[in-house]
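The values are calculated or read from the model by the stated rules, or taken from the named source; none is laboratory data. Only a predicted model underlies this, so the values are computations on that prediction, with no experimental measurement involved. Every residue, glycine as well, gets a Cβ built from its backbone with ideal geometry; the counts of neighbours run over all protein chains shown.
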Amino acid sequence: MATLEEDLRALEQKLNALKLDYDRYFVGTRPREPVMARQEIQKTVSLWGNTPIQNTALRFKFNSIHSRYQAMKRQWDNVLRQMQAGTYQRDVFKADIREAGSATPKSGQRDRRESIVSAGAGAALIDSYCEAARACGQNVEGLDAKKLQAVVDKQTRALKQKLGCTDIGFRVVVQQGKAKLKASPVADTRDR
């Protein structure tokens with residue numbers, strides 16, 4: 001009895017860790033699929049699934065964990081199929097960014113291919129932001145063009161006053177799985 005209880009506790013912890021590993025893999029921060037951890041969990045689930053559990057509470061706990069694992073497996077397999085087919089939303093979004101030549105720079109670096117949209121060109125900026133936010137799984141239903149443009153205009157005025165520049169550029173970046181707008185002064189090429 002104590003062995004089953006300990007195994008179920010360990011199985012639940014391993015399942016939570018595996019979920020995090022798969023989330024990292026799908027976002028792109030983990031280079032390989034966590035196959036070994038998944039096989040280990042599958043082995044434990046198969047072992048206890050074929051063993052009659054007399055204790056009702058432990059049987060209920062095992063069935064709950066097993067159901068959760070099956071649901072996660074279906075979801076992971078679905079995303080893996082989408083990745084292989086090239087239709088996975090986050091991968092499609094990243095590919096579109098690379099094709100457009102505006103890949104997100106690594107922290108601390110500025111990518112010269114990155115497109116900077118001036119504050120006046122609001123439609124392109126808003127479309128890019130909404131697309132990036134959707135691809136990251138953020139809710140954009142309450143967001144409309146007027147609200148976002150008002151935020152951009154307010155930031156533009158504040159930064160122009162603070163930095164003393166004539167134009168502010170905005171770019172859409174994805175950091176820690178969230179789409180964000182980054183502002184920076186745009187150098188006037190006529191002064192050179």
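Checking ALA119 against (1) surrounded by 16 or more Cβ atoms within 10 Å (Cβ to Cβ); (2) modelled with pLDDT under 75; (3) within 19 Å of the chain's Cα centre (by Cα), which single condition isn't satisfied?
Every listed condition holds for ALA119 apart from (3).
List the residue pairs whose Cβ atoms are under 7 Å apart, where the first residue sits in the range 50-78 and is over 14 Å from THR3 (Cα atoms), the second is acidic (Asp, Glu) and assigned to a helix (DSSP H, G or I), and the two are 6 or more positions apart or on different chains.
Pairs that qualify, where the first residue is over 14 Å from THR3 (Cα atoms) and the partner is acidic (Asp, Glu) and assigned to a helix (DSSP H, G or I), are ILE65/GLU12.
Regarding GLN161, is this residue more than 24 Å from PHE26 (Cβ to Cβ) and either among the aromatic types (Phe, Trp, Tyr) or modelled with pLDDT under 60 (or both)? It would help to see each step written out before you state the result.
Numbers: more than 24 Å from PHE26 (Cβ to Cβ): yes; either among the aromatic types (Phe, Trp, Tyr) or modelled with pLDDT under 60 (or both): no.
Judged against the criteria, GLN161 is not a match.
Hey, among the residues in the range 18-41 that are loosely packed, with under 13 Cβ neighbours inside 10 Å and not charged (D, E, K, R), which one's modelled with the lowest pLDDT?
Quick first cut of the range 18-41, residues loosely packed, with under 13 Cβ neighbours inside 10 Å only: 20, 28-29, 31-32, 35-36, 39.
Next cut, not charged (D, E, K, R) only: 20, 28-29, 31, 35-36, 39.
Numbers: LEU20: 93, GLY28: 83, THR29: 86, PRO31: 89, VAL35: 94, MET36: 96, GLN39: 96.
Ranking the candidates gives GLY28 first.
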